[in-house]
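This report refers to the structure that appears directly beneath it.
The values are calculated or read from the model by the stated rules, or taken from the named source; none is laboratory data. Please read these numbers as outputs of a predicted model, since none were measured by experiment. Cβ placement follows ideal geometry from the backbone for every residue including glycine, while neighbour counts extend to all protein chains displayed. For the accessible areas, the whole protein counts, side chains as well, though only heavy atoms, and no ligand, DNA or RNA atoms are used. Shrake-Rupley method; radii C 1.70, N 1.55, O 1.52, S 1.80 Å.
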Amino acid sequence: MGETCSVCSACTDQQEIRTTNSQYGVGRVITNNKKNIKNQKINKSINNINILNQPKISIQNIHYNNNISNNNINSIQNNNKNPINNKRNLNKNNNNNIILNELKDISNSNQSDKDDILNPKYKRKDGRKSTLDSLSFNEQRKSEFEEELRISLCSLKDRRNSSGYNSSGGGSFLSDDESYISISNKLFINDISEYLPSKKYKILSKLGSGSFGKVYLAQNKFTKEKVALKQIKKSNKDLLSDGEIKDEIEILKALDHPDIVRIIESFNTKDSYVLVTEYCEGGELFDQVRNQLSETQIAVIFKQLLSGLAYLHSHNIVHRDLKLENILIQETEKSKTTGEDLFNIKIIDFGTARIFDNKKRKPQSIVGSSYYIAPEVLKQKYNKECDLWSVGVILYMFIVGHAPFDGCDDDEITDNIQKGVYRKDDKRWKKASKEVKDLIQKLLVYQPKKRLTALQALKHPWFKITDSNILYDNVPQSDVVECIKNLLTYNIKSKLEELVLAYIIHNIPRPKEAKSAIKLFKLVNEVGDGKLLKNELKKTLLLFVSEKFLDKYNFEEQFTLIDGEKKGYINYEEFLRACLNRKKILTDNILRYAFGFFDPTNTGYIRKKKMKSFFGNKVDDNTFQIIFDEIDLDKDGKINFKDFKSMMLY
């Protein structure tokens, strides 16, 4: 039988109808509460198969149709016990309950804030130096570094010209016909049906199981990268439709941010769908709530969470089910400054995510998890602001140790959410800093329009405690300098080369060098939305080279070249492609692995038709023929491995 509530008898009538392995967060105890739930229907969310990695207390997920304040609940994932403590921490008769104060209208727009930060001459108002400032060069070192770059650029042109590839001038070797072609990860994140996952991945262990399928820890047989395989059985179509699964895959394919889980590929087999995503070794963020982390540690986590959200919302994507179980820890590292553990996180589970109209709050189904759900979601008229409410709930949990809106059953929990009532008499609340309490109150604002946006929350004074010297004190100057050098000398001679490089960076295990590049991306992206704008990058580069050097070597053109998707900003993986040292990454084994992707039938050749399929209608036949002929050094109408390797290593 499932655990019962320690405060009231309302839960004692619960009858357990399914128990599964709770490891990896997918073993949910699905209960039938006879008093409160009629016509139970299991939730249709993919979230029942979270990609987690440590044993967890059972979390109850149900899908029910009872009325709450005259609104028909179509899909609430409910946790019938407090996600932090078994004891109920909310007393209806407690005189210390305080009705939530609402934030005054925010006068400054996000864009004006962003423009201020992006000014290359902008300086911090507190006078402190950031990590990048402390790593910057003096004038003499700038001159020496510029000379190193000139030598590298000249050598690069000589090598390419000797190989038969002529520069079109400036920093690009692409022809005018090629320069307009965009390269995105969507081109190679395939929905594979030709073969089974077992051909490519070795199952290492079962991580968990749930209503819709199983999750496995697996290893790529070629690259040795550990991944999570999320198997969803097609036999459960009455619970989860093909459309819902494909929606999650399509949303994940469109995302490219360091704090959002990376989808590698998916399989469509006879019996199931299989999603292959990166594996997060640190487990659920849930585990850390009980550890009473310092506010600095918590702020580091929430800076990443809000950055990921700012990115999602800039694409009009609303997660709709942010909760502790849907945030994983990728890795933990110690801060040299404080000696504390700092956690790198990933947002997961986009099964309920949707693309919303940014300006309208249309009637929508009620989706979410009961402790975290926003009041406007219960009214079925909501937008991206509902995610910020959930962030406020999670932050409250970290600071206080229990959920802000509690109750013995679903009705009481949602009733308290709709009242906007939460406790402020807890000892831990009283000990918390005034800054973090202010941020919580500005996130748990009842009226969505008055709630902080993700970008506004990132600018809150509380985050001053996450000084960049604490966040990024493990970044060696030598790594930063190498990344800057690679950025300024990055070049490609063909869109086919760019496509292959994009595939490799997305699919191979992240090398050690990538850690510093990822941190550099976050440092440069001061706005925090995961979109690196021209002025942000220029502001950083001017710490290492002069403006005269950038003008002479066509910084504008270099930025456009790195922006493979031609969006006007550089995203996360585009930045990695330009930052990482190819000589260290493109080993013979990695190149053969990539070659195999473009030659799936193992003929030993990549044929023109296969390569053309990745570009679709973006390239006309004549233009593609010219591109292909540049790589086909033997002029035999196909690319062998020798041609392929020559293209990538010039």
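So, in segment 186-206, exactly how many residues are touching a Phe, Trp or Tyr at 6+ places or on another chain (Cβ under 9 Å) and open to solvent by 70 Å² or more (accessible area, probe 1.4 Å)? Step through it out loud before you land on a result.
Let us first name the residues in segment 186-206 that are touching a Phe, Trp or Tyr at 6+ places or on another chain (Cβ under 9 Å), namely 187-188, 190-193, 195-197, 200-201, 203-206.
Then keep just the ones that are open to solvent by 70 Å² or more (accessible area, probe 1.4 Å); that gives 191, 193, 196, 203-204, 206.
Here the count works out to 6.
Output the residues belonging to segment 540-558 that are open to solvent by 10 Å² or more (accessible area, probe 1.4 Å) and outside any helix (DSSP H, G or I).
The answer is L542, L543, S546, Y553, N554.
Could you run through segment 282-333 and say how many residues are among the polar types (S, T, N, Q) and more than 18 Å from the chain's Cα centre (by Cα)? Quick ask: steps written out before the conclusion?
Going residue by residue through segment 282-333, those that are among the polar types (S, T, N, Q) are 288, 291-292, 294, 296-297, 304, 307, 314, 316, 326, 330, 332.
Narrowing further to those that are more than 18 Å from the chain's Cα centre (by Cα): 288, 291-292, 294, 296-297.
Result for segment 282-333: 6.
So if I check each of K224, K186, K230, K214, which one is outside any helix (DSSP H, G or I), within 18 Å of the chain's Cα centre (by Cα) and touching a residue at least 40 places away in the same chain (Cβ under 8 Å)?
Values: K224 fails: within 18 Å of the chain's Cα centre (by Cα); K186 fails: outside any helix (DSSP H, G or I); K214 fails: within 18 Å of the chain's Cα centre (by Cα).
The conditions single out K230.
Would you confirm, using the coordinates I've provided, whether L576 is hydrophobic (A, V, I, L, M, F, W, C) and over 17 Å from L487 (Cβ atoms)? Give the steps one after another, and end with the answer.
Details: hydrophobic (A, V, I, L, M, F, W, C): yes; over 17 Å from L487 (Cβ atoms): no.
When the stated conditions are applied, L576 does not pass them.
Among the residues of segment 298-339, write down those that are farther than 18 Å from I251 by Cα and touching a Lys or Arg at 6+ places or on another chain (Cβ under 6 Å).
Residues satisfying the conditions are L328, Q330.
I'd like the full set of residues that are open to solvent by 20 Å² or more (accessible area, probe 1.4 Å) and of a type in the set (A, V, I, L, M, F, W, C), limited to segment 287-328.
Hit for segment 287-328 is L293, nothing else.
So in segment 394-433, with the set limited to residues that are touching a helix residue (DSSP H, G or I) at 6+ places or on another chain (Cβ under 8 Å) and β-branched (V, I, T), which one is farthest from S307 (Cα to Cα)?
By that ranking, first place goes to T414.
When the residues of segment 258-276 are narrowed to those that are assigned to a loop (DSSP other than H, G, I, E, B) and within 19 Å of E573 (Cα to Cα), which ends up farthest from the chain's Cα centre (by Cα)?
Taking segment 258-276 as the starting set, the residues that turn out to be assigned to a loop (DSSP other than H, G, I, E, B) are 258-259, 261-262, 269-271.
Checking which are within 19 Å of E573 (Cα to Cα) leaves us with 258-259, 261-262.
Values: P258: 5, D259: 4, V261: 5, R262: 7 Å.
Restricting to residues being assigned to a loop (DSSP other than H, G, I, E, B) and within 19 Å of E573 (Cα to Cα), the top hit is R262.
Of the conditions (1) open to solvent by 60 Å² or more (accessible area, probe 1.4 Å); (2) within 29 Å of the chain's Cα centre (by Cα); (3) at positive phi, G616 satisfies every one except a single condition; which number is it?
(1)
Condition check ((1) in contact with a Leu (Cβ under 9 Å, 6 or more places away or on another chain); (2) outside any loop (DSSP other than H, G, I, E, B)) across all residues:
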{"site": "F398", "(1), (2)": "yes, yes"}
{"site": "W429", "(1), (2)": "no, yes"}
{"site": "L452", "(1), (2)": "yes, no"}
{"site": "S478", "(1), (2)": "no, yes"}
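Part of a helix (DSSP H, G or I) and open to solvent by 10 Å² or more (accessible area, probe 1.4 Å): which single residue out of L537, L496, L523, L487 fits that description?
Details: L537 fails: open to solvent by 10 Å² or more (accessible area, probe 1.4 Å); L496 fails: open to solvent by 10 Å² or more (accessible area, probe 1.4 Å); L487 fails: open to solvent by 10 Å² or more (accessible area, probe 1.4 Å).
Checking each option against the conditions leaves just L523.
Among N474, N469, which is in a loop (DSSP other than H, G, I, E, B), at pLDDT below 85 and surrounded by fewer than 21 Cβ atoms within 10 Å (Cβ to Cβ)?
Result of the check over N474, N469: N474.
Please enumerate the residues belonging to segment 412-427 that are open to solvent by less than 60 Å² (accessible area, probe 1.4 Å) and either part of a helix (DSSP H, G or I) or in contact with a Ser or Thr (Cβ under 8 Å, 6 or more places away or on another chain) (or both). Before you say what the answer is, go through the steps one by one.
Taking segment 412-427 and keeping what is open to solvent by less than 60 Å² (accessible area, probe 1.4 Å), we get 412-418, 420-426.
The answer is E412, I413, T414, D415, N416, I417, Q418.
Within segment 169-215, restricting attention to residues that are small (G, A, S), within 18 Å of T277 (Cβ to Cβ) and touching a strand residue (DSSP E or B) at 6+ places or on another chain (Cβ under 7 Å), which residue is modelled with the highest pLDDT?
Across segment 169-215, the extreme among qualifying residues is S205.
Have a look at N602, N622 and point out the one that is without any contact (Cβ under 8 Å) to a residue 12 or more places away in the chain and in a loop (DSSP other than H, G, I, E, B).
N602
Surrounded by fewer than 20 Cβ atoms within 10 Å (Cβ to Cβ) and on the phi > 0 side of the Ramachandran plot - does that describe any residue in segment 430-451?
Looking through segment 430-451, none of the residues is surrounded by fewer than 20 Cβ atoms within 10 Å (Cβ to Cβ) and on the phi > 0 side of the Ramachandran plot.
I249 fails exactly one of the following numbered conditions: (1) within 28 Å of M397 (Cα to Cα); (2) crowded, with 18+ Cβ neighbours inside 10 Å. What is the number of that condition?
I249 satisfies every listed condition except (1).
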